[in-house]
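One structure is given here, and the rest of the page talks about it.
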Amino acid sequence: MGIQARLETLGIKLPQLESPPGNFVLYVQSGNMLYLSGAGPRASGKVGSKFGVEQAASYAREVAIQHLAVMQGALGNLDRVARIVKVFGMVNAEPDFQEHPKVINGYSDLMVEVFEQRGRHARSAVGMSSLPFGIPVEVETIVEVFPEAGAGE
């Protein structure tokens, strides 16, 4: 099953890409590596006070869907994704919050649902005292890509 068919099965519709809110680009490709800029949801607030683990994990999943749209825009075809290599997840959390990995699982779980074994990745999940615009989570990702469409099928 191709990735587009898997997205349809999962009921995932990719959003339209928006311009980044600063002097940077959504991604940079160098050779067979695709580096995705940090992205976050439209919500704002701290995890551990305004948001619980489940809600924050759903925001991380939302970021994963945004990143799928960025990959699609960069590659033209999500079947070109060879592997999700590294995920760096940041959680805007209260000082005593300790469930950062559970929050970023919202992102990681979706990547595995979509790409199966190719979606399993190395990862960091860390707490931050703040994030841009007060967003509860931000994730950046490194992706290995096949050189041409269809090479991973």
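The values are calculated or read from the model by the stated rules, or taken from the named source; none is laboratory data. Because the structure is a prediction, the values reported are computed rather than measured. Here Cβ is always computed from backbone atoms with ideal geometry, including for glycine, and neighbour counts include all displayed protein chains.
Failed condition for residue 117, given (1) touching a strand residue (DSSP E or B) at 6+ places or on another chain (Cβ under 9 Å); (2) over 17 Å from residue 61 (Cβ atoms); (3) in contact (Cβ under 8 Å) with a residue 24 or more places away in the chain, with all others met?
(3)
If you check every pair at least six apart or on different chains, which have Cβ atoms under 6 Å apart with a residue in segment 63-76 that is farther than 12 Å from residue 111 by Cβ first and a residue that is part of a helix (DSSP H, G or I) and of a type outside the set (Val, Ile, Thr) second?
Listed pairs, sorted by first residue: 72/78.
Name the single residue, out of those in segment 133-150 being surrounded by 14 or more Cβ atoms within 10 Å (Cβ to Cβ) and of a type in the set (A, V, I, L, M), that is nearest to residue 42 (Cα to Cα).
Per the stated criteria, the residue is 135.
Mind checking whether some residue in segment 64-78 is within 12 Å of residue 137 (Cα to Cα), touching a His at 6+ places or on another chain (Cβ under 7 Å) and at pLDDT 95 or above?
Taking every residue of segment 64-78 in turn, none turns out to be within 12 Å of residue 137 (Cα to Cα), touching a His at 6+ places or on another chain (Cβ under 7 Å) and at pLDDT 95 or above.
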